Amino acid sequence: MTDLTAFARDRGVKYFMISYTDLFGVQRAKLVPAAAIGQMQADGAGFAGFATWLDLTPAHPDMLAVPDAASVIQLPWKPEVAWVASTCVMSGGSALDQAPRNVLARMVALAAERGFEVRTGVEPEFFLLTPDGAAISDPADTAVKPCYDQQAVMRRYDVIAEICDHMLALGWEPYQNDHEDSNGQFEMNWKFDTALATADKHSFFKFMVRSVAERHGLRATFMPKPFAGLTGNGCHVHISVWDRATGLNAFADDAAELGLSQAGRHFLGGIMRHAAGMAVITNPTVNSYKRINAPRTVSGATWAPNTVTWTGNNRTHMVRVPGPGRFELRLPDGAANPYLLQAVIIAAGLSGLATAADPGPRHDIDMYAQGHLVTDAPRLPLNLLDAIRAYEADAGLKAMLGAEFSVGYQKLKLQEWDSFVSQISPWERDHTLDV
Ligand SMILES: Nc1ncnc2c1ncn2[C@@H]1O[C@H](COP(=O)(O)OP(=O)(O)O)[C@@H](O)[C@H]1O
Ligand SMILES: [Mg+2]
């Protein structure tokens, strides 16, 4: 195990950011001087329970974030600081089952018990905005079809290249960057890894993109649908499952349909069966439901699903099989908690494997143009409340992710929904004032 005191000494690190991710997907941290990291590595950093957003009350004892030294990253843009993800425990030693990274660690362990290692790649899209968040930062970025816009990506070269240079230095093997389908929107891709490593990288990526954008006087957002009429921020996940005994991709079978093995079909069957229940995690905010179920955008497509269907190499469905040995889940958005996102995919997939779930028929059609022809496919939840209820109704998924997590998460999400519906919006006044 990495000794963080030695790490600091060898690399000139002055401070550690001991970080954990709360149930809303927000990262919280304490900045600890290197001289104190030895003790913190053993005992953890203390946080007042109620303020952690891990569903603890003011009466609970402190929560301790114990650094997982395997995750430590020296900030490429501020080398005197290092970020480290942590395992949350209660003071007194009891586990904190609902902490998102702990939920994922349990799912990874369960997969390992069953002989599998899940490996994933994420594609977290983001916008670069003005610092107040009100507008797209580049006033010239106004094309109706801006995807892959060469001129627009060059106008943001300094930001994008700086982030990509950091990923190269960290050894993440980034391989492409582009302007995406909405004005002001970008995507950067790096190589897939084990689910926990991908979740840590996904968290750090969000922190890094926001930090580098701030240094350039901009604001980055991963919000699912910041602008009506423009494509939203997806966070597609590519998934494969590997056999721990042989080291081979258990989803790959050249002789099978689309090169997806029987195990791959069952894992996919679990995702299809639990899609509605998963949505409260893959699409966790009020705003998420304005990305899925959206009307067509000005570019001509939303690139987001509204129905639980799958297909081959065709981006109009919830699941795409782009090539042999993996599939892409296009449902998640930029607000998804990086740890819970991976955890719910493994939970649904393992339950599909355990029950030999069938993904159902493949629909090789353009869902945007011909979706009405598919009459028997389940629809995704229409709003956050629908999604909370779909999770509530999915006993299998709740049991996989654990009662502590499920109860706490549903409670906090219901509070969020209540807070939203207690607002009186301009739309209501426009439509109701004279009724
Ligand atoms: N076998 C695999 N298992 C999991 N992820 C994979 C696998 N092969 C590739 N990936 C990952 O899938 C992601 C693909 O993203 P990208 O190149 O943007 O594809 P696209 O936009 O065409 O869906 C990358 O993170 C890549 O590393
Ligand atoms: Mg992509």
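Quick one: is Pro174 within 16 Å of ligand 2 (Cβ to nearest atom) and either under 24 Å from Asp22 (Cα atoms) or outside the structural domain of Val81 (by TED's automatic domain parsing) (or both)?
yes
When you check Lys201 against the structure, is it over 24 Å from Val84 (Cα atoms) and crowded, with 22+ Cβ neighbours inside 10 Å, yes or no?
So Lys201 does not fit the description; no.
Starting from the stretch 177-188, keep only residues that are aromatic (Phe, Trp, Tyr), then list their pairs with residues that are in a strand (DSSP E or B) and within 11 Å of ligand 2 (Cβ to nearest atom) whose Cβ atoms are within a distance under 8 Å, requiring at least 6 positions of separation or different chains.
Going by the 8 Å Cβ cut-off, the qualifying pairs are Phe186/Asn177; Phe186/Asp178.
Here are the criteria: (1) out of contact with any strand residue (DSSP E or B) (no Cβ under 7 Å at 6 or more places or on another chain); (2) more than 21 Å from Leu104 (Cα to Cα); (3) part of a helix (DSSP H, G or I). Tell me which single one Ala70 does not satisfy.
The number of the failed condition is (2).
Cβ-Cβ below 7 Å, separation at least six or inter-chain, first residue in the stretch 358-371 and under 8 Å from Thr316 (Cβ atoms), second surrounded by fewer than 16 Cβ atoms within 10 Å (Cβ to Cβ) and acidic (Asp, Glu): which pairs?
none
What residue, among those in the stretch 295-342 that are more than 22 Å from Arg379 (Cβ to Cβ) and among the hydroxyl-bearing types (Ser, Thr, Tyr), is modelled with the lowest pLDDT?
Top of the filtered list is Ser299.
In the stretch 317-358, which residue that is assigned to a loop (DSSP other than H, G, I, E, B) and out of contact with any strand residue (DSSP E or B) (no Cβ under 6 Å at 6 or more places or on another chain) is farthest from Ala99 (Cα to Cα)?
Asp358
Looking at (1) buried (at least 23 other Cβ atoms within 10 Å of the Cβ); (2) within 15 Å of the chain's Cα centre (by Cα); (3) away from ligand 2 (no atom under 16 Å from the Cβ), which one does Ala213 not meet, given that it meets all the others?
Exception for Ala213: condition (2).
Quick check, is Val153 touching a His at 6+ places or on another chain (Cβ under 8 Å) and within 16 Å of ligand 2 (Cβ to nearest atom)?
yes
Output the residue which, of all residues in the stretch 217-254 that are within 16 Å of ligand 2 (Cβ to nearest atom) and not polar (S, T, N, Q), is nearest to Gly300 (Cα to Cα).
Gly232
Got a number for residues in the stretch 367-384 being charged (D, E, K, R) and over 26 Å from the mean Cα position of the chain (by Cα)?
Qualifying residue count for the region: 1.
Is it the case, given these coordinates, that Lys201 is within 16 Å of ligand 1 (Cβ to nearest atom) and touching a residue at least 12 places away in the same chain (Cβ under 8 Å)?
Answer is yes for this residue.
The values are calculated or read from the model by the stated rules, or taken from the named source; none is laboratory data. Everything quoted here is computed from the prediction, not taken from an experiment. Cβ atoms come from the backbone with ideal geometry, glycine included; neighbour counts cover every protein chain shown.
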